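**Student:** Right, I'll just put the structure down here and ask away after.
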Amino acid sequence: VATCARAERANASVASEKIKRGAREFIRGDVRGAIDAFDDAIASDERFSAYMWQRGLALYYAGAYEEAAKQFRLDVAQNPNDTEESVWCFASEAMDPEKGIAYARENMLITGRDSRPVMSSVFALFAEGSEEAATRLREAGRSNASDEFYSALYLGLFYEINGDEERARREIERANRTAYARLSGDYMTDVARVHAKTRSWS
C-alpha cells in the first residue's frame with residue numbers, strides 16, 4: 001500500500017510539472033505545444049483528466065472544438081458551479097461545424113451559483129443570445145476592474161461565435177487594455193492575449 005501511495009504521489013508530481021509546462025506553452029501562444037504537454041500530464045496521471053480546463057482552452061484555440069467541448073463537460077461534472085467552463089463548452093460546440101449555436105444553446109450546461117456576480121450576466125448572454133443580455137453584461141462590467149475585464153472577454157467570445165469579427169476584436173482588445181489584464185496575473189488574461197494572437201489581432 002505504501003509503495004502504491006508513493007507511486008501515485010510521484011505520478012501526480014510529474015503530471016503537475018507537465019501541466020505547468022503546458023501553461024507556459026499556452027501563454028507563449030503555442031497552443032499545440034500546450035496540448036501536447038497537457039496530454040502528457042494525463043498520460044502520467046489519468047486522475048487529472050477531468051480537471052484540465054486549461055487543456056480545453058488550448059483545444060478551442062487549436063480549432064479542436066469537439067475535443068474541447070468534451071474536456072469542458074468533464075470539468076463541469078467535477079465543478080458544477082463554474083460558469084466559465086459551461087460557457088467555453090457552449091463556445092466550442094457553437095464553433096463546431098457539426099453542431100452550431102442552436103445545438104450549443106439546447107445542450108448548454110446549467111451550472112450552480114458562481115461566487116462572482118458578473119458571471120450570472122455572462123451566463124445569461126450565452127443562454128439568451130440577445131443584445132439586451134450583451135448590454136446587461138457591459139453594465140455589469142462597470143463594477144470593478146476584474147468585472148471590466150471579464151465582461152469584455154466574454155463579449156468578445158460571444159461575438160466571435162456569432163461571426164461578428166469586428167465586434168469580437170473590439171471587445172478582446174478592450175479586455176487586453178484593462179488594468180486587470182496588465183497587472184492581475186490571472187490566467188484568463190493570458191487567454192485574452194492568446195485569443196488576439198491566434199486571430200492575428202496583435
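Computed from the coordinates by the stated procedures, all read-outs in this text should not be read as laboratory data. Everything numeric in this text was worked out from a predicted model, so none of it was measured. Because the Cβ atoms are built from the backbone with ideal geometry, glycine has one as well, and the counts that use them run over all protein chains shown.
**Student:** May I ask you to compute the full-extension gain from ASP30 to ARG138, defined as 0.36 nm times their residue separation minus their alpha-carbon distance, rounded to one decimal in nm?
**Tutor:** 35.8 nm
**Student:** Rounded if a/c is under 1.5, else prolate if a/b beats b/c, else oblate: with a ≥ b ≥ c from the C-alpha gyration tensor eigenvalues square-rooted, which is the range 28-79?
**Tutor:** It is oblate, given that a/c is not under 1.5 and a/b is not larger than b/c.
**Student:** While we're on this one: Rg and Dmax of the range 45-202 over Cα atoms: what are they, in angstrom?
**Tutor:** Gyration radius and largest Cα-Cα distance of the range 45-202: 14.5, 45 Å.
**Student:** Moving on. Specify whether the C-alpha gyration tensor of the range 104-188 places it in the rounded, prolate or oblate class, a ≥ b ≥ c being the square roots of the eigenvalues: rounded for a/c under 1.5, otherwise prolate if a/b is larger than b/c and oblate if not.
**Tutor:** The shape class here is oblate.
**Student:** Output wanted: per-residue J couplings in Hz (rounded whole) for the range 118-128, from phi through Karplus 6.51 cos²θ - 1.76 cosθ + 1.60, θ = phi - 60°, x for Gly and Pro.
**Tutor:** Once θ is set to phi - 60°, the couplings for the range 118-128 become 4, 5, 5, 6, 4, 4, 4, 4, 6, 5, 8 Hz.
**Student:** Further, regarding this structure: Ordered by packing density, taken as the mean number of other Cβ atoms within 10 Å over each peptide's residues, highest first, how do 61-71, 87-97, 109-119 rank?
**Tutor:** Ranked by mean Cβ neighbours within 10 Å, highest first: 87-97, 61-71, 109-119.
**Student:** I would also like to ask the following. Starting from the Cα of ARG113, move 7 Å in the Cα-to-Cβ direction to define the label point; list residues of the range 124-146 whose amide nitrogen is under 18 Å from there.
**Tutor:** It comes to 124, nothing else.
**Student:** Rounded to the nearest 500, what is the 222 nm mean residue ellipticity of the chain from helices alone, with -39500 (n - 2.57) per DSSP H run of 4+ residues and division by all residues?
**Tutor:** -23500 deg cm²/dmol
**Student:** For an R0 of 35 angstrom, estimate the FRET efficiency from the Cβ-Cβ distance between ARG105 and ALA43 and round to the nearest 0.05.
**Tutor:** So, using R0 = 35 Å, E works out to roughly 0.50.
**Student:** Starting at the first residue of the range 72-88, write each ³J(HN,Hα) from the Karplus equation 6.51 cos²θ - 1.76 cosθ + 1.60 with θ = phi - 60°, in whole Hz, x for Gly and Pro.
**Tutor:** In residue order, the calculated couplings are 5, 5, 4, 5, 5, 4, 8, 10, x, 9, 8, 4, 4, 5, 4, 5, 5 Hz.
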